[in-house]
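Bear in mind that the values in this text are calculations on the coordinates, not laboratory data. Keep in mind the model is a prediction, meaning the values are calculated, not measured. Cβ placement follows ideal geometry from the backbone for every residue including glycine, while neighbour counts extend to all protein chains displayed.
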Amino acid sequence: MIKAVIFDMDGVIIDSEPDHIKQEMKLFKSLGLDMNEEEHQRFIGTTSYYMWETIKRENNLAFSVEELVNMDREKYYNHLCSIEDINPIEGVYELIESLYENKIKLAIASSSPIKVIELVVKRLKADKFFKAVVQGDDVLRSKPEPDIFLYAAQKLNADPKECAVIEDSKNGVNGAKKAGMRAIGYLNPNSGNQDLSNADLIIKSFKNIEIGKILGE
């Protein structure tokens, strides 16, 4: 029986992947990197540190991983602060609200840094719904490893087998399954060509979805 639901943020709560890609492609160009969007998609769902460690190693960049991560994060955070509205993906706010009203424990487990997560949650007026918020920096290993989901379950005081995870990326779905949790893949066309085949359930929309489907009832 599912007693807790863990949400990814980017590509699940907000449709942020196109903005992430746009901002990072500009940064890649400024660093002299010739990387296309398809190559960038392999990092969807992973932490900034994992992405920049890999890119630095593959391209012999002079900057430290810390410097690259900070450049990336500041660029995206400033972008978020500059836009007037941050809107949830259609139907997801209503799903979160419904789960909360049905006494399901809720958490966010996102590879984004905490100040970005907190900004988004505050702008969406969704603070009260989430009992725990976990960032990628809180754990040693990035998705597709299970660490972030296991830590979120711990903060919710929930058994992993009683948790469901909603993810839009292959890395996220595989991490949830490794954690022994129910994995729900959200097929977001803006998240690139993600292989969600390991998910227990794949959905194309949150609109009017019954919570029983999420909980596997």
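What to note about this one:
- Annotation note: trypsin sites (Lys or Arg not before Pro) in segment 19-65 located in DSSP loop regions with a Cβ neighbour count of at most 16 within 10 Å are absent.
- Taking all Cα pairs closer than 8 Å and separated by 6 or more residues, the relative contact order of segment 101-217 comes to 18 percent.
- Each label point was placed 7 Å from the Cα along the Cα-to-Cβ direction; for Asn102 and Met35 their separation is 3.9 nm.
- For the residue pairs Lys3/Lys75; Lys3/Lys128; Lys3/Lys204; Lys56/Lys170, the alpha carbons lie more than 25 Å apart in Lys3/Lys75.
- Per-residue extension of 0.36 nm, minus the Cα-Cα distance of Glu84 and Asn157, leaves a gain of 22.7 nm for this segment.
- The chain - share of DSSP beta bridges that are antiparallel (%, nearest 5): 5 percent
- The chain, relative contact order [Cα under 8 Å, separation at least 6], %: 27 percent
- Sparse-neighbour loop sites [trypsin sites (Lys or Arg not before Pro); segment 110-190; at most 12 other C-beta within 10 Å; DSSP]: Lys125
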